[in-house]
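Remarks on the structure that follows.
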Amino acid sequence: MNTFGAYTITGNLSLIILSLAFIGAITVIVILFKIIAKLSKIIIKPKKNITIEKNVPKYSSSTYFNKTIDEYLKSTYYLSTHLSLNAVKSDKGRYGEYTIFKVLQTQEHYGGRFLFNCYLPKDNKQTTEIDIILLTLNGIFVFESKNYNGWIYGSEHQEFWTQTLPAGNKIHKEHFYNPIMQNKSHIKSLKKLIGDTYPIYSIVVFSYNCKLKNISASDPMTKIVSINDLNSAVTYLLNQRPNSLTQDTLISIYNQLYPYTQVSEEVKRKHAEDIQAKKQE
């Protein structure tokens, strides 16, 4: 074979190899495009799921607030006090009462009945206000709500207790009437109306944000607790004297006391004036 022929064969072989390489490259690219197209379909395909997600209700803070209002308007607390939720939230004392009700609300499932802000008559033609009364088949609970913060010092025999609060680098102290004595007076007025044949428990309730400093009561029917321990304290007392009241008796007491929760604004105003006058003595 001459030199010219050798070059021709070599050139043809190179051309064939290049052609095959080009075809192979095109084939690989086509295959890659097909794979990418399939992957794209897989990723894009779940459009149905997106539609389903759009049908799922979204809960904003306003929706939750509306649900809270709806729940509140159906509650025994609202039906008895007729106070708006905003009025309750903006009043520290009212909010403390409502918190007690919420913690113990399940008692209504067992036949329990709540009474709020009972203005009961006293011997001196004045009134005493009971924050909350809970009537159950196992006894009657009288609650004094103290929605206070800070550290609380006192004993059952001291006339005044102390609330201690931080105030910058100093400590601020406030004094308030002994709530055990206060609730004892409430129960005295209550017994004059319904008698003393039923177990009546005195419960003084402080807020989540307080620390009770070694406060206790010698009377086993009296408890001083923070709202954190309220449910367990009431549950314990409920088990002490089971079936102390019949359902008929419970309803009878409720009907007797309910009118004292619906007193006029004049009665409420006079009650507040009497308290203010006593503080100034």
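The values are calculated or read from the model by the stated rules, or taken from the named source; none is laboratory data. Given the structure is predicted, the values throughout are model-derived calculations rather than measurements. Positions of Cβ are backbone-derived with ideal geometry, glycine not excepted, and every protein chain shown enters the neighbour counts. The area values use the complete protein model at the heavy-atom level, side chains included, leaving out ligands, DNA and RNA. Shrake-Rupley method; radii C 1.70, N 1.55, O 1.52, S 1.80 Å.
If you scan the range 201-220, which residues turn out to be aliphatic (A, V, I, L, M) and under 26 Å from the mean Cα position of the chain (by Cα)?
203, 204, 205, 212, 215
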Conditions: (1) open to solvent by 30 Å² or more (accessible area, probe 1.4 Å); (2) in contact with a His (Cβ under 9 Å, 6 or more places away or on another chain). Residue 235 meets all but one. Number of the miss? (2)
The lone condition residue 216 fails out of (1) open to solvent by 40 Å² or more (accessible area, probe 1.4 Å); (2) assigned to a helix (DSSP H, G or I) is (2)
Taking residue 242 as the residue in question, decide whether it is part of a loop (DSSP other than H, G, I, E, B) and either in contact (Cβ under 8 Å) with a residue 12 or more places away in the chain or open to solvent by 70 Å² or more (accessible area, probe 1.4 Å) (or both). yes
